[in-house]
1. In µm²/s, what is D for the range 60-99 at 20 °C and 1.002 mPa s, where D = kT/(6 pi eta Rh) by Stokes-Einstein and Rh is the Kirkwood radius from Cα pairs?
2. Give the dimensionless ratio obtained when the Cα radius of gyration of the range 69-121 is divided by 2.2 N^0.38 Å.
3. Counting helices only, and only those DSSP H runs with n ≥ 4, report the 222 nm mean residue ellipticity of the chain as the sum of -39,500 (n - 2.57) divided by its residues, in deg cm²/dmol to the nearest 500.
4. Taking the beta-carbon count within 10 Å as an exposure proxy, list Val14, Val36 from fewest neighbours to most.
5. With 5 Å bins from zero, work out the P(r) of the chain over every alpha carbon pair and list the percent per bin.
6. Which angle between 0 and 90 degrees, to the nearest 10, do you get for helix 5-24 versus the longest principal axis of the chain when only C-alpha atoms count?
7. If amide H atoms are built 1.01 Å from N in the plane of the peptide, which residues on other chains or at least 5 residues away come under 5 Å of the amide H of Val107?
8. For the range 27-95, what is the convex hull volume of its Cα atoms per residue in Å³?
Amino acid sequence: MYRKVEDFLEDWSVSADGTLRVIQAITNEKLDQSIVEGHNSLGWLAWHLVGAAGAFGHFAGLQIPGPTQDQPVPTDVAEIVQAYEKVIAAFKSEAPKLTDDSLLEEVTGFVGPAPRGKLLRGLIDHQTHHRGQMTVLLRQAGLPVPGIMGPTKEMQ
């Protein structure tokens with residue numbers, strides 16, 4: 001749980017940069033790559049991260065853009081990248097409006113009331129979880145995996 005806005009912003013910058021690099025590694029031809037048919041694809045996961053960030057931001061009381069659940073996954077990675085870049089910028093401009101005390105306030109979350117700082121921690125954890133899934137799918141698709149928390153095989 002975050003208790004200082006500056007701590008969230010620092011983690012957000014690092015996490016968002018890594019996620020952006022993973023999304024940028026996807027090609028239009030591999031948007032449908034999934035572990036097996038019927039599971040989440042690279043494109044779905046990337047678009048889900050854009051939309052989920054908007055939802056987390058909404059619950060936290062921030063103005064974060066995001067697609068609605070009925071918007072289909074774009075067929076062009078550039079569109080997903082552009083939407084995610086808007087999310088990154090929005091969190092960087094909106095989160096500083098919070099105060100450290102406001103991180104302790106209860107807000108409505110996905111499963112009920114939660115401190116705002118806990119909700120924002122959940123945003124980072126959720127993004128990290130799906131980014132990890134995406135790196136496996138990138139490798140399965142034969143695409144280079146960017147180093148996020150250290151070098152990857154492709155970087156050696």
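Where a number appears in this text, it was derived from the coordinates with a stated rule and is not lab data. Model, not experiment: these values are computed from the prediction. A quick note on method: Cβ atoms are made from the backbone with ideal geometry, for glycine too, and the neighbour counts reach across all protein chains shown.
1. On the way: Rh = 11.3 Å.
D, rounded to a whole number, is 189 µm²/s.
2. Details: Rg = 14.8 Å, N = 53, 2.2 N^0.38 = 9.9 Å.
After normalising by residue count via 2.2 N^0.38 Å, the value is 1.48.
3. Working: 4 runs with 81 residues, N = 156.
Theoretical 222 nm ellipticity from helices: -18000 deg cm²/dmol.
4. Details: Val14 13, Val36 5.
Ranked by crowding around the Cβ, least crowded first: Val36, Val14.
5. Computed distribution, short to long bins: 2, 10, 19, 21, 19, 14, 9, 5, 2, 0.
6. The two axes meet at around 20 degrees.
7. Those lying under 5 Å, H to H, from Val107 are Ala114, Arg116.
8. Numbers: hull volume 5.9 nm³, N = 69.
Each residue corresponds to 86 Å³ of Cα convex hull volume.
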